[in-house]
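The values are calculated or read from the model by the stated rules, or taken from the named source; none is laboratory data. Everything numeric here is computed off the predicted structure, so don't read it as measured data. Positions of Cβ are backbone-derived with ideal geometry, glycine not excepted, and every protein chain shown enters the neighbour counts.
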Amino acid sequence: MNDADLLFKALADPSRRKMLDLLHAHDGRTLSDLCEHLEMTRQGVTQHLDVLEAANLVATVRRGREKLHFLNPVPLQEIYERWIAKFEKPRLKALADLKRKLEKPDG
Amino acid sequence: MAKSTFHYVTYIRTTPERLWSALTDDTEFMQQYWFGVRCESEWRAGSSWKMVHPDGSVSDAGEIVAAERWKRLVIRWWHQRNPELSGEGESVCTMELESVGPAVRLSITHSMEREPSKLIGAVSGGWPKILSNLKSLLESGAVVLDDIGRK
């Protein structure tokens, strides 16, 4: 599976999207913290986290004996740039041109 | 004390040497993916560090805390421009590079010893754009966003 396949597979599951929502609301959670907010077994949460990590949507940091989970939006930014960003460009350019024209000293 | 942190990761098909250079001394390259910004420093522990904009103004300054070439860079980072953000004091930004197969895993951890932090909120929106630009520039030679990535 390539990166995009892993990403969309990870996003396809509602429980995994809820986990991303939880991290979005409060980043750097431990496994136990996540389990408290989800109605599933600890093992279930771990498996979902593995899928999210494989897709690079969740990145972890070790702090002592704890593992903290962070939402990693970089792959989502790439998706945004792939299909959306290019449509914004002409509009922003038009605004910049307008601003330049209006602010020209001799009008 | 409470802490505000974000931790971003991207995998880039390049070498640690090339990536290190892109993040440090290759300022011309940096300006291409960092929306015109360049970071100036001697990139050694203890040397000063500053972020210079195209108009020559400095928005952020600080010091290199640790610099292990091709591996790890830690910057003491203090915003200077917006009083609401500068009033929060120093933050710490850690960049780590690790070879993973044909790619390099680049992680950026930026944190401040307060919760919530406006600075962390502000920079957390910018980093994904910068990282995504850096990745495509190193992998394909072109940035995806140029002018529009700026807030």
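Assorted remarks:
- Checking each residue in the range B:31-70 for being of a type in the set (Ser, Thr, Tyr) and touching a residue at least 40 places away in the same chain (Cβ under 8 Å) picks out only B:Tyr33.
- For B:Ile64, the stated conditions do not hold, so it cannot be described as buried (at least 20 other Cβ atoms within 10 Å of the Cβ) and either of a type in the set (D, E, K, R) or out of contact with any Pro (no Cβ under 9 Å at 6 or more places or on another chain) (or both).
- Within the range A:1-34, restricting attention to residues that are within 14 Å of chain B (Cβ to nearest Cβ) and charged (D, E, K, R), the residue that is surrounded by the most Cβ atoms within 10 Å (Cβ to Cβ) is A:Arg29.
- Positions within the range B:104-120 being out of contact with any helix residue (DSSP H, G or I) (no Cβ under 9 Å at 6 or more places or on another chain) and not hydroxyl-bearing (Ser, Thr, Tyr), in sequence order: B:Arg105, B:Glu113, B:Glu115, B:Pro116, B:Ile120
- There is at least one residue in the range A:29-39 that is β-branched (Val, Ile, Thr) and closer than 23 Å to B:Ile120 by Cα.
- One residue alone among A:Met1, A:Met19, A:Met40 is without any contact (Cβ under 8 Å) to a residue 40 or more places away in the chain and in a helix (DSSP H, G or I), and that residue is A:Met19.
- Qualifying residue in the range A:35-58 (condition: out of contact with any Lys or Arg (no Cβ under 9 Å at 6 or more places or on another chain), away from every other protein chain (no Cβ under 12 Å) and closer than 24 Å to B:Met112 by Cβ): no
- Pick from the range B:13-34, criterion within 30 Å of A:His26 (Cα to Cα) and buried (at least 21 other Cβ atoms within 10 Å of the Cβ), ranking: farthest from the other protein chains (Cβ to nearest Cβ): B:Trp34
- Answer from B:Ala142, B:Ala122, B:Ala103 - the residue that is surrounded by fewer than 18 Cβ atoms within 10 Å (Cβ to Cβ), in contact with a Phe, Trp or Tyr (Cβ under 6 Å, 6 or more places away or on another chain) and either modelled with pLDDT under 95 or not aliphatic (A, V, I, L, M) (or both): B:Ala103
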